[in-house]
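Each reported figure results from applying straightforward, stated rules to the coordinates on display, with no laboratory input. This one's a predicted model, so the numbers in the text were calculated from it and none came from an experiment. Don't worry about glycine lacking a Cβ; one is built from the backbone with ideal geometry, like all the others, and counts go over all protein chains shown.
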């Protein structure tokens, strides 16, 4: 099991700390550093900045928003980042949600599975430096009846194959991920519920005539090291409440639906009710401790070491650390601890 680090969103006031974390992860031998985007900083600029100041660690988008970029632009960005980083870029994609897609990008959130399938097909074609031509439900390239002509990417990526990851939560999206992607970006991953999730991925792999060998399962896992479990869970409550309650509408919140499938239907509804009623603190307090504990690595070092085995047994191939330790020193210590924990548990890969 390899290690990654997820820096989250840029522009929250701790950007210098995040860069220091990326450099430390590079020094420690972490496999990849991920950056996210919503409707603030864009991930591509952040990754170019990080890549320029690291040496070995891969840089990955978690995620580039599909409604925010044409497939051709994504291919251009991926090829450029791969070239600038010396072959260290990983392309993570996702459809975002209806609120961001329609409210920020002005793109209808319709038929996300078909849209993703077409998008990935066009991106792969462009990255193979083929002359891009596509006739589909969502994209027609080039447009007919005009001056446009089929074009080929002029930039040469360092690698022949840039790995593509999809952020997926629902069963059908997981199946699609297994079928067309090289890896899965997971959130709120609990080893106890992994069989169902990975079962959908395997169905997709079967469709593609492939196995899970070489397929990268990458959950982002919050890590807080400390003696008091409740104190360790405290900084994760607001994060969980934001996703379960505020990421989407009452009718369309994929994270809330995931919690329901995991058996937390009553609690997830309460968190959402409180968050939508503009009571985020109460929503955070309503997040079940068990949900946080199952989807995070919290507590004393020995407890976390023991818990790591469950992630490996569940099929995780790259565990992406989201450090919530407070100060830069504490977050850096968490990165160092995770290296030691994986090695001492004989899980390093």
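Could you work out how far the C-alpha centroid of the stretch 1-58 sits from that of the stretch 270-298, in angstrom?
So the two Cα centres are separated by 27 Å.
Using only Cα atoms, locate the centre of the stretch 308-346 and the centre of the stretch 192-225, then give the distance between them in Å, rounded to an integer.
19 Å
What do you get for the angle between helix 194-207 and the principal long axis of the chain? Use alpha-carbon atoms, 0 to 90 degrees, nearest ten.
For helix 194-207, the angle is close to 20 degrees.
Principal axes first, then extents: for the Cα atoms of the chain, list largest minus smallest coordinate on each axis, whole Å, largest first.
Largest first, the chain extends 66, 44, 42 Å along its Cα principal axes.
Distances longer than 19 Å among the Cα atoms of the stretch 204-324: what percent of all pairs is that? Don't skip to the answer; put the middle values down first.
Values: 3902 of 7260 pairs.
Result for the distance tail: 54 percent.
Using only the alpha carbons of the stretch 228-296, what is the convex hull's orientation-averaged projected area in square nanometres? Don't skip to the end; give the middle numbers.
Working: hull surface 15.9 nm².
Dividing the Cα hull surface by four gives the mean projection, 4.0 nm².
Could you work out how far apart the two model spin labels at residue 229 and residue 213 are, taking each label as a point 7 Å from the Cα in the direction of the beta carbon, and quote it in nm?
In this crude label model, residue 229 to residue 213 measures out at 4.0 nm.
Distance in nm between label sites at residue 172 and residue 156, each 7 Å beyond Cα in the beta-carbon direction?
4.2 nm
Quickly work out the residue 143-to-residue 290 label distance, labels modelled 7 Å from Cα along the C-beta direction, and quote it in nm with one decimal.
So the two model labels end up 5.5 nm from each other.
Tell me the angle of helix 171-180 to the major Cα principal axis of the chain, expressed in degrees between 0 and 90 and rounded to the nearest ten.
50 degrees
What list do you get for 205, 108, 257 if you sort them by fewest beta carbons within 10 Å? Could you put the intermediate results ahead of the total?
Working: 205 20, 108 11, 257 16.
Ordered from fewest to most neighbouring Cβ atoms within 10 Å, 205, 108, 257 come out as 108, 257, 205.
Taking R0 as 35 Å, what FRET efficiency do you get between residue 281 and residue 117 from their Cβ-Cβ distance, rounded to the nearest 0.05? Each step should come with its number before you reach the end.
Numbers: r = 41 Å, r/R0 = 1.17.
Calculated value: 0.30.
Once fully extended, how much extra length lies between residue 343 and residue 330, figured as 0.36 nm per residue of separation less the alpha-carbon to alpha-carbon distance?
On the way: separation 13, 0.36 × 13 = 4.68 nm, distance 2.00 nm.
Value of the extension gain: 2.7 nm.
Compute the helix-to-body angle for 328-344: its Cα long axis versus the longest principal axis of the chain, expressed 0 to 90° and rounded to tens.
Once rounded, the angle reads 90 degrees.
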